[in-house]
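Working notes for the structure below.
The values are calculated or read from the model by the stated rules, or taken from the named source; none is laboratory data. All values derive from a computational prediction rather than experimental measurement. Positions of Cβ are generated from backbone atoms using ideal geometry, with glycine treated the same way; all protein chains shown enter the neighbour counts. All accessible areas refer to the heavy atoms of the entire protein, side chains included, with ligands and DNA or RNA removed. Shrake-Rupley method; radii C 1.70, N 1.55, O 1.52, S 1.80 Å.
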Amino acid sequence: MSTDIYSLIEAAHHGDWSPLREEAKKAPGKHWAEDARCSNQDIDIFMPLGDGPHEDPDFVKHSLGTSLNRPRNLCASCPLAVAARCLVESLRDDDEFGIRAGLLASERSALRAAWQQRVNERAVESALRGCTAALSKVERDAVIARFATDPSLDPAAVARGLGVTREYLLKLARRYRKTYQSSPAAPFPAVNADAA
(Lines give C-alpha, C1' and ligand atoms only; values in the text may rest on other atoms or scores of the structure.)
Protein backbone atom coordinates (compact mmCIF):
# COMPACT_ATOMS: atom_id res chain seq x y z
CA MET A 1 0.00 0.00 0.00
CA SER A 2 2.00 2.94 -1.25
CA THR A 3 1.07 6.59 -1.06
CA ASP A 4 -1.42 5.79 -3.83
CA ILE A 5 -4.01 4.70 -1.26
CA TYR A 6 -3.61 8.06 0.42
CA SER A 7 -4.23 9.90 -2.86
CA LEU A 8 -7.42 7.83 -3.29
CA ILE A 9 -8.44 8.71 0.25
CA GLU A 10 -7.65 12.38 -0.36
CA ALA A 11 -9.82 12.40 -3.50
CA ALA A 12 -12.65 10.83 -1.49
CA HIS A 13 -12.26 13.51 1.19
CA HIS A 14 -12.83 16.05 -1.60
CA GLY A 15 -15.99 14.26 -2.80
CA ASP A 16 -14.51 12.28 -5.69
CA TRP A 17 -15.17 8.65 -4.81
CA SER A 18 -14.58 7.26 -8.30
CA PRO A 19 -10.78 6.66 -8.01
CA LEU A 20 -11.24 4.68 -4.78
CA ARG A 21 -14.22 2.74 -6.16
CA GLU A 22 -12.48 1.98 -9.46
CA GLU A 23 -9.38 0.68 -7.67
CA ALA A 24 -11.56 -1.44 -5.35
CA LYS A 25 -13.16 -3.09 -8.39
CA LYS A 26 -9.72 -4.51 -9.26
CA ALA A 27 -10.07 -6.85 -6.26
CA PRO A 28 -13.26 -8.64 -7.36
CA GLY A 29 -15.19 -11.53 -5.93
CA LYS A 30 -15.96 -12.70 -2.45
CA HIS A 31 -12.44 -14.01 -1.78
CA TRP A 32 -10.63 -10.69 -2.26
CA ALA A 33 -9.52 -10.62 1.39
CA GLU A 34 -7.37 -13.73 0.88
CA ASP A 35 -4.87 -11.44 -0.86
CA ALA A 36 -4.78 -9.07 2.12
CA ARG A 37 -1.65 -9.04 4.26
CA CYS A 38 -3.80 -9.38 7.36
CA SER A 39 -5.11 -12.73 6.17
CA ASN A 40 -4.24 -15.42 8.73
CA GLN A 41 -3.10 -12.80 11.26
CA ASP A 42 -4.41 -12.29 14.78
CA ILE A 43 -7.42 -10.03 14.24
CA ASP A 44 -6.99 -8.43 17.67
CA ILE A 45 -4.01 -6.35 16.50
CA PHE A 46 -6.38 -4.57 14.08
CA MET A 47 -8.78 -3.65 16.87
CA PRO A 48 -6.71 -1.37 19.13
CA LEU A 49 -8.33 -0.48 22.43
CA GLY A 50 -8.79 3.24 22.78
CA ASP A 51 -9.53 3.83 19.09
CA GLY A 52 -13.07 4.56 18.02
CA PRO A 53 -15.10 6.79 15.75
CA HIS A 54 -15.35 9.59 18.30
CA GLU A 55 -11.71 9.68 19.35
CA ASP A 56 -9.12 12.21 18.21
CA PRO A 57 -6.79 10.40 15.75
CA ASP A 58 -3.69 12.27 16.93
CA PHE A 59 -4.43 11.40 20.55
CA VAL A 60 -4.98 7.74 19.62
CA LYS A 61 -1.69 7.59 17.70
CA HIS A 62 0.15 9.26 20.57
CA SER A 63 -1.37 7.10 23.28
CA LEU A 64 -1.02 3.78 21.43
CA GLY A 65 2.40 4.63 20.00
CA THR A 66 4.44 1.76 18.63
CA SER A 67 1.66 -0.81 19.17
CA LEU A 68 0.16 0.53 15.94
CA ASN A 69 3.32 -0.20 13.93
CA ARG A 70 2.66 -3.87 13.16
CA PRO A 71 -0.96 -3.57 11.98
CA ARG A 72 -0.30 -0.40 10.00
CA ASN A 73 2.84 -1.89 8.39
CA LEU A 74 0.82 -4.94 7.35
CA CYS A 75 -1.76 -2.63 5.79
CA ALA A 76 1.00 -0.65 4.09
CA SER A 77 2.23 -3.82 2.38
CA CYS A 78 -1.21 -4.70 1.00
CA PRO A 79 -1.81 -4.52 -2.77
CA LEU A 80 -3.47 -1.21 -3.66
CA ALA A 81 -6.65 -2.83 -5.02
CA VAL A 82 -7.06 -4.90 -1.85
CA ALA A 83 -6.53 -1.87 0.39
CA ALA A 84 -9.08 0.10 -1.66
CA ARG A 85 -11.59 -2.76 -1.46
CA CYS A 86 -10.96 -3.06 2.29
CA LEU A 87 -11.75 0.63 2.74
CA VAL A 88 -14.82 0.59 0.47
CA GLU A 89 -16.19 -2.49 2.25
CA SER A 90 -15.67 -0.84 5.64
CA LEU A 91 -17.51 2.28 4.45
CA ARG A 92 -20.32 0.30 2.83
CA ASP A 93 -20.74 -1.81 6.00
CA ASP A 94 -20.39 1.31 8.21
CA ASP A 95 -17.60 -0.32 10.25
CA GLU A 96 -16.97 1.97 13.19
CA PHE A 97 -14.05 0.12 14.73
CA GLY A 98 -10.75 -1.40 13.69
CA ILE A 99 -7.94 -0.54 11.32
CA ARG A 100 -9.00 -0.74 7.69
CA ALA A 101 -6.76 0.10 4.72
CA GLY A 102 -4.22 1.48 7.18
CA LEU A 103 -6.65 3.96 8.70
CA LEU A 104 -7.63 3.94 12.34
CA ALA A 105 -11.34 4.00 13.12
CA SER A 106 -10.92 7.58 14.31
CA GLU A 107 -9.28 8.51 10.99
CA ARG A 108 -12.14 6.94 8.99
CA SER A 109 -14.86 8.80 10.87
CA ALA A 110 -15.02 11.77 8.48
CA LEU A 111 -14.91 9.44 5.46
CA ARG A 112 -17.79 7.40 6.88
CA ALA A 113 -19.89 10.54 7.24
CA ALA A 114 -19.01 11.67 3.71
CA TRP A 115 -19.81 8.21 2.31
CA GLN A 116 -23.28 8.39 3.81
CA GLN A 117 -23.86 11.80 2.20
CA ARG A 118 -22.69 10.92 -1.32
CA VAL A 119 -25.11 11.01 -4.22
CA ASN A 120 -25.30 8.40 -6.94
CA GLU A 121 -26.04 10.55 -10.00
CA ARG A 122 -27.14 7.51 -12.03
CA ALA A 123 -29.79 6.68 -9.43
CA VAL A 124 -30.98 10.30 -9.42
CA GLU A 125 -31.15 10.37 -13.24
CA SER A 126 -33.04 7.08 -13.26
CA ALA A 127 -35.60 8.37 -10.78
CA LEU A 128 -36.05 11.55 -12.83
CA ARG A 129 -36.83 9.33 -15.86
CA GLY A 130 -39.39 7.33 -13.86
CA CYS A 131 -37.39 4.23 -12.95
CA THR A 132 -37.95 3.16 -9.37
CA ALA A 133 -34.90 2.30 -7.32
CA ALA A 134 -33.85 2.36 -3.70
CA LEU A 135 -32.65 5.90 -3.01
CA SER A 136 -30.87 7.26 0.02
CA LYS A 137 -32.36 10.33 1.69
CA VAL A 138 -29.67 12.48 0.08
CA GLU A 139 -30.48 11.06 -3.37
CA ARG A 140 -34.21 11.53 -2.82
CA ASP A 141 -33.59 15.15 -1.82
CA ALA A 142 -31.50 15.61 -4.99
CA VAL A 143 -34.38 14.31 -7.13
CA ILE A 144 -36.83 16.70 -5.45
CA ALA A 145 -34.41 19.63 -5.82
CA ARG A 146 -33.88 18.93 -9.51
CA PHE A 147 -37.60 18.50 -10.15
CA ALA A 148 -38.46 21.68 -8.24
CA THR A 149 -36.04 23.76 -10.31
CA ASP A 150 -36.39 22.15 -13.76
CA PRO A 151 -39.82 22.74 -15.36
CA SER A 152 -38.97 20.44 -18.29
CA LEU A 153 -39.15 17.31 -16.11
CA ASP A 154 -42.30 15.16 -16.36
CA PRO A 155 -44.11 15.14 -13.00
CA ALA A 156 -45.71 11.74 -13.62
CA ALA A 157 -42.36 10.12 -14.42
CA VAL A 158 -40.56 11.68 -11.44
CA ALA A 159 -43.41 10.70 -9.11
CA ARG A 160 -43.17 7.13 -10.41
CA GLY A 161 -39.39 7.19 -9.90
CA LEU A 162 -39.82 8.31 -6.30
CA GLY A 163 -42.73 5.96 -5.67
CA VAL A 164 -45.10 8.76 -4.66
CA THR A 165 -48.24 10.28 -6.13
CA ARG A 166 -47.99 13.19 -8.56
CA GLU A 167 -49.81 15.41 -6.04
CA TYR A 168 -47.37 14.55 -3.26
CA LEU A 169 -44.42 15.23 -5.56
CA LEU A 170 -45.85 18.67 -6.41
CA LYS A 171 -46.27 19.34 -2.67
CA LEU A 172 -42.62 18.36 -2.06
CA ALA A 173 -41.50 20.63 -4.90
CA ARG A 174 -43.51 23.58 -3.50
CA ARG A 175 -42.01 22.96 -0.05
CA TYR A 176 -38.51 22.88 -1.55
CA ARG A 177 -39.05 26.14 -3.50
CA LYS A 178 -40.56 27.84 -0.45
CA THR A 179 -37.65 26.76 1.76
CA TYR A 180 -34.92 27.82 -0.67
CA GLN A 181 -36.65 30.73 -2.42
CA SER A 182 -35.26 33.29 0.01
CA SER A 183 -31.70 31.99 -0.16
CA PRO A 184 -29.35 33.50 -2.75
CA ALA A 185 -28.73 30.17 -4.48
CA ALA A 186 -30.68 26.96 -4.05
CA PRO A 187 -28.38 24.47 -2.33
CA PHE A 188 -28.36 21.27 -4.34
CA PRO A 189 -27.08 18.16 -2.67
CA ALA A 190 -23.56 17.34 -3.81
CA VAL A 191 -23.67 15.16 -6.90
CA ASN A 192 -21.12 12.48 -7.61
CA ALA A 193 -21.23 9.99 -10.45
CA ASP A 194 -20.66 7.01 -8.15
CA ALA A 195 -22.41 3.75 -8.60
CA ALA A 196 -23.87 2.65 -5.29
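Here is how the numbers come out for the structure above:
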quantity	calculated
Between helix 3-13 and the chain: long-axis angle, C-alpha atoms, 0 to 90°, nearest 10	30 degrees
Accessible area in square angstrom per residue, the chain, 1.4 angstrom probe	55 Å²
The chain: angle of helix 166-180 to the longest principal axis, Cα-based, in degrees nearest 10	70 degrees
C-alpha long axis of helix 137-149 to longest principal axis of the chain, angle in °	30 degrees
Computed helical MRE - 222 nm, the chain, DSSP H runs ≥ 4 contributing -39500 (n - 2.57), nearest 500	-16000 deg cm²/dmol
Carbon plus sulfur fraction of accessible area for the chain, probe 1.4 Å, in percent	54 percent
Computed Rg/Rh of the stretch 25-180, alpha carbon atoms with Kirkwood Rh	1.16
DSSP loop trypsin sites (Lys or Arg not before Pro) with at most 13 other Cβ within 10 Å: longest gap in the chain	31-196
